[in-house]
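Encoded as structure tokens, the structure appears first; notes follow it.
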Amino acid sequence: MRHNQPLLRLLALLLLAALPRLASAQRVLLRADPATDTIPGRYGPNRAFYQHLYLGYTAVTGAAAGPGAKLRYPQSAELFAGLRNKWRVTGSTAVGLDARFAYLRYQLQQNSTKQVPNSQLHYRESLNLTQLQLEPFARLSFGRRGNVVGNYLDVSAWGGWALASNHSYEDRPGQGQGTRTLVREVRPAYLRRWNWGLSTRLGAGRYALLARYRLADTFSASAPAAYPELPRWLLGLEVGIF
Amino acid sequence: MLGLLAWLPATAQRPAAPAARYWVTFRDKGGQTLQPATYFDAAAQARRRRQHLPAFDSTDLPVRPDYLGRVRTLTDSVTLVSRWFNAVACLASPAQAAQLRRLPGVRRVEAWPVHPLLAAHRPSAAGPLPVRLPAPLTPADLALARRQTAALGAAEFRRAGQQGQGLRIAVFDVGFRGTDTHPAFAHLYRRQAIAATYDFLRRAPDVYRGGTHGTEVLSCLAGQLPDSTFLGLAPAAEFLLARTEQQGRERYAEEEAWLAAAEWADRHGADIINSSLGYTDRRYFPEQMDGRTSLVARAAAMAVRKGMLVVNAAGNAGDDPNWRSIGTPADADSVLTVGGLDPDTFLHLDFSSYGPAAGGRLKPNLAAFGVAVTAVPGGFERAEGTSFASPLVAGFAACAWQQQRDLPVMALFDRLQQAGQLYPYFDYAHGYGLPQAAAFRAVGPPPALPAPTFDFVVADSVVSVFIRPEAATVPTYTLPLLAATAPQTALGAVGPAAGAPAAATAPAAPLYWQLRDATGFIVRYEVLEVSQRAVLRVPLRQLPSGGTLRVHFRGYTASFEAP
């Protein structure tokens with residue numbers, strides 16, 4: 001064992017050298033780094049840049065432009081969830097870009113005048129679009145405020161591509177021995193897949209009232225001319241997640 | 001929302017356009033005079049004489065009635081007339097505001113939105129407004145009730161007969177529900193120590209409504225337990241109670257109510273204003289906490305210029321990642337900002353807001369217990385928040401000022417900072433620490449300068465801090481007279497070097513250290529539990545260029561300059 005003593009000493013020295021260099025063996029009761037934690041942030045609800053998730057519901061409002069496409073309310077609606085990016089321009093103005101998924105459903109009333117997409121009657125029938133939308137907006141805020149969203153008015157234009165579209169209906173009783181039959185006609189040619197429009201939001205904090213107007217037509221050029229244009233207005237509520 | 005009551009008469013008479021709040025500043029006070037003997041309370045006149053201030057100055061002159069009359073004619077909704085700022089707050093439509101800008105004598109018209117002022121109170125799990133009688137105090141609560149003043153040196157002040165006699169303290173708060181009937185304040189009403197009250201929201205003298213936060217705060221100045229224990233240090237002072245904001249259902253308040261109350265307090269001879277309130281992120285950014293942006297900060301600074309000491313809670317945003325720092329008016333340089341300490345460790349409470357103020361200015365200034373026993377309707381309860389640290393220090397200031405009555409307010413401000421347990425050490429969590437009554441000892445020997453308790457040793461690339469053997473002893477524990485004043489920790493490292501009487505109530509002394517850059521800004525600070533003499537090693541490369549390593553241990557502070 002004696003010949004191991006120099007080695008042990010060397011090991012002890014190495015251990016000492018490897019000890020934490022700062023405040024070794026002491027319990028830290030409080031620690032703060034003002035050099036880093038007091039730097040004014042550039043990120044926040046009223047900072048140079050802010051990003052947050054949001055979701056909402058808008059009801060299809062109004063009637064179709066002609067007979068043959070009466071809708072059921074409030075089942076005819078759009079549910080959406082997205083990511084908002086906002087850049088502050090001045091204290092009261094900002095610009096932003098929203099990216100969202102929106103699921104729009106037109107629930108068709110089943111009556112004798114129905115023509116869209118045909119006159120067949122079902123237990124339940126709808127036209128559905130799952131869209132990816134982009135929406136640049138300009139924001140005007142009201143009142144001095146700190147690092148909070150505050151009260152604002154947004155105006156925007158939006159456009160989107162229908163990742164999926166379908167015509168679905170349900171029959172009861174179903175075919176054969178079934179109690180019901182569900183049929184989904186995928187990507188019907190008469191539904192336009194590009195959509196665009198204008199929008200406005202009036203918000204306070206995380207809540208906003210929302211109105212969207214669709215400029216694009218619902219139906220494509222290949223749709224029968226008898227198809228009336230479906231309601232263009234969507235009115236609803238949006239909730240920011242922050 | 002706070003302005004709603006003030007709006008009612010105006011909107012009833014002038015319903016036409018949607019009104020917004022505006023702040024109208026005038027150019028001059030030409031032709032105005034003031035009889036200070038009639039305008040000011042005798043106490044206010046005496047305060048000015050003591051502090052060698054003129055009997056009045058231009059900021060005390062009234063606003064020109066012709067200017068005021070024109071604004072009233074145009075808007076008919078003036079909610080505040082401020083002599084100090086030669087301005088009025090009013091409600092007007094944008095068109096009326098444009099007309100206001102064209103009026104002769106109008107310097108500026110600013111939009112003045114209504115925003116919330118939040119009490120620096122941290123609601124307990126039971127909620128801020130107890131709907132049931134509070135539970136009886138436990139022995140631990142009773143011990144805390146004694147320690148919240150004992151830690152500041154209540155015994156020393158009491159022996160010297162200093163309990164705020166002759167001082168007038170204004171308390172601005174959300175309401176004083178139950179104050180007039182609570183036995184804790186019976187001694188105040190017996191000797192008619194409530195000099196005046198005013199509700200600046202309802203414009204009535206009755207302040208015994210709204211929230212109980214003011215009752216709790218007042219109890220930390222002058223409340224008394226049934227066993228005669230005082231919960232604050234100034235039970236013999238006189239008080240002005242001002243309701244300046246709302247809580248609960250009517251939670252919001254405005255800065256102008258604070259300003260109006262400050263002018264009122266000045267006129268009624270207040271020596272000290274205690275305000276346990278603060279604006280934070282609903283209106284401001286942290287970088288705007290510069291003492292010049294908010295009206296309350298400017299009003300508080302003006303109050304100090306009139307000779308009043310303004311004591312304000314640091315706020316309870318320390319654990320709020322979106323804010324963390326002090327609010328306003330605690331950001332004003334001349335406002336004594338008080339942070340919260342844990343009664344068991346004497347260290348910063350997580351929720352107590354941190355400094356620095358914008359621009360790296362030193363805040364908070366001092367600290368006191370942020371957990372305290374307070375009076376609430378129906379009894380007493382333990383509450384937490386820097387709201388209660390603030391009146392504890394305000395009571396301390398009253399006793400100190402009583403001892404040196406002719407001290408100018410900013411000289412008192414400096415003396416209070418120097419009375420901090422950590423002084424001259426300072427950090428952004430504790431300020432100068434818990435003030436000690438011994439620093440204001442009127443008779444007997446002044447507190448001895450602390451003996452060195454540690455040394456810096458430089459070896460190679462490291463500077464080490466070694467505690468001296470004589471400061472590293474743990475003395476035999478001696479039973480206190482009352483268990484309430486016993487140390488609260490088992491570490492028992494209260495040594496003779498601690499010196500001050502409060503050491504008997506203090507837990508083991510930790511070591512405070514910090515790195516400061518060449519401008520004095522603290523770039524890093526820590527508090528260490530001391531368990532060995534070789535207590536700290538800092539690589540020299542970590543010292544900022546031209547900066548210092550500053551260390552405090554048991555009353556002794558020393559710095560090591562970067563080579």
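The values are calculated or read from the model by the stated rules, or taken from the named source; none is laboratory data. These numbers come from a predicted model, not from an experiment. Every residue, glycine among them, receives a Cβ derived from its backbone with ideal geometry; neighbour counts consider all protein chains shown.
Here are some conditions: (1) loosely packed, with under 15 Cβ neighbours inside 10 Å; (2) assigned to a loop (DSSP other than H, G, I, E, B); (3) on the phi < 0 side of the Ramachandran plot. Residue A:138 meets all but one. Which one does it not meet?
With respect to (1) loosely packed, with under 15 Cβ neighbours inside 10 Å; (2) assigned to a loop (DSSP other than H, G, I, E, B); (3) on the phi < 0 side of the Ramachandran plot, residue A:138 is out only on (2).
So how many residues does the stretch A:51-74 have that are free of Cβ contacts under 8 Å to residues at least 40 places away in the same chain and within 21 Å of the chain's Cα centre (by Cα)?
Qualifying residue count for the region: 2.
Examine the stretch B:469-488 for a residue that is at pLDDT 90 or above, assigned to a strand (DSSP E or B) and either surrounded by 14 or more Cβ atoms within 10 Å (Cβ to Cβ) or more than 11 Å from every other protein chain (Cβ to nearest Cβ) (or both), and state whether such a residue exists.
no
Quick check: anything in the stretch A:173-186 part of a strand (DSSP E or B) and among the acidic types (Asp, Glu)?
Yes: one or more hits.
Could you check, for the stretch A:105-121, whether at least one of its residues is in a loop (DSSP other than H, G, I, E, B), of a type in the set (D, E, K, R) and more than 14 Å from every other protein chain (Cβ to nearest Cβ)?
Scanning the stretch A:105-121 turns up at least one residue that is in a loop (DSSP other than H, G, I, E, B), of a type in the set (D, E, K, R) and more than 14 Å from every other protein chain (Cβ to nearest Cβ).
Considering only strands (runs of 3 or more DSSP E) fully contained in the stretch B:22-120, which possess at least 1 residues that are over 18 Å from residue B:261 (Cβ atoms)?
Answer list for the stretch B:22-120: B:87-92, B:106-111.
On the given criteria, is residue A:91 touching a residue at least 12 places away in the same chain (Cβ under 8 Å), of a type outside the set (Val, Ile, Thr) and at positive phi?
Spelling it out, it is not the case that residue A:91 is touching a residue at least 12 places away in the same chain (Cβ under 8 Å), of a type outside the set (Val, Ile, Thr) and at positive phi.
For the stretch A:41-54, how many residues meet the condition of being surrounded by 15 or more Cβ atoms within 10 Å (Cβ to Cβ) and more than 18 Å from residue B:321 (Cα to Cα)?
Qualifying residue count, the stretch A:41-54: 1.
In the stretch B:266-285, what residues are within 23 Å of residue A:92 (Cβ to Cβ) and either surrounded by fewer than 24 Cβ atoms within 10 Å (Cβ to Cβ) or charged (D, E, K, R) (or both)?
Those that are within 23 Å of residue A:92 (Cβ to Cβ) and either surrounded by fewer than 24 Cβ atoms within 10 Å (Cβ to Cβ) or charged (D, E, K, R) (or both): B:281, B:282, B:283, B:285.
In the stretch A:230-241, how many are surrounded by fewer than 17 Cβ atoms within 10 Å (Cβ to Cβ) and either under 17 Å from the mean Cα position of the chain (by Cα) or modelled with pLDDT under 95 (or both)?
4
Only one residue in B:312, B:316 is crowded, with 24+ Cβ neighbours inside 10 Å, touching a Ser or Thr at 6+ places or on another chain (Cβ under 9 Å) and at pLDDT 95 or above, so which one is that?
Checking each option against the conditions leaves just B:312.
Determine whether residue B:245 is in a loop (DSSP other than H, G, I, E, B), at pLDDT below 90, among the charged types (D, E, K, R) and touching a strand residue (DSSP E or B) at 6+ places or on another chain (Cβ under 7 Å).
So residue B:245 fits the description; yes.
If I filter the stretch A:165-173 for residues that are modelled with pLDDT of 95 or more, away from every other protein chain (no Cβ under 14 Å) and under 22 Å from the mean Cα position of the chain (by Cα), do I get at least one hit?
The answer is yes; a qualifying residue exists.
Could you tell me whether any residue of the stretch B:411-425 is within 24 Å of residue B:362 (Cα to Cα), within 14 Å of chain A (Cβ to nearest Cβ) and outside any helix (DSSP H, G or I)?
yes
So, of the residues in the stretch B:510-537 that are under 25 Å from residue B:471 (Cα atoms) and in a loop (DSSP other than H, G, I, E, B), which turns out to be farthest from the other protein chains (Cβ to nearest Cβ)?
The extreme case among them is B:533.
I need the full set of residues from the stretch B:538-551 which are within 7 Å of chain A (Cβ to nearest Cβ) and more than 14 Å from residue B:512 (Cα to Cα), in order please.
Correct list: B:539 only.
Across the stretch B:336-351, which residue is surrounded by the fewest Cβ atoms within 10 Å (Cβ to Cβ) among those that are assigned to a loop (DSSP other than H, G, I, E, B) and away from every other protein chain (no Cβ under 11 Å)?
Among those residues, the one meeting the criterion is B:344.
Which of (1) under 26 Å from residue A:229 (Cβ atoms); (2) in a strand (DSSP E or B) is the odd one out, the single condition residue A:73 does not satisfy?
(2)
Could you please find all residues in the stretch B:262-295 being within 10 Å of residue B:329 (Cβ to Cβ), within 14 Å of another protein chain (Cβ to nearest Cβ) and assigned to a helix (DSSP H, G or I)?
B:295
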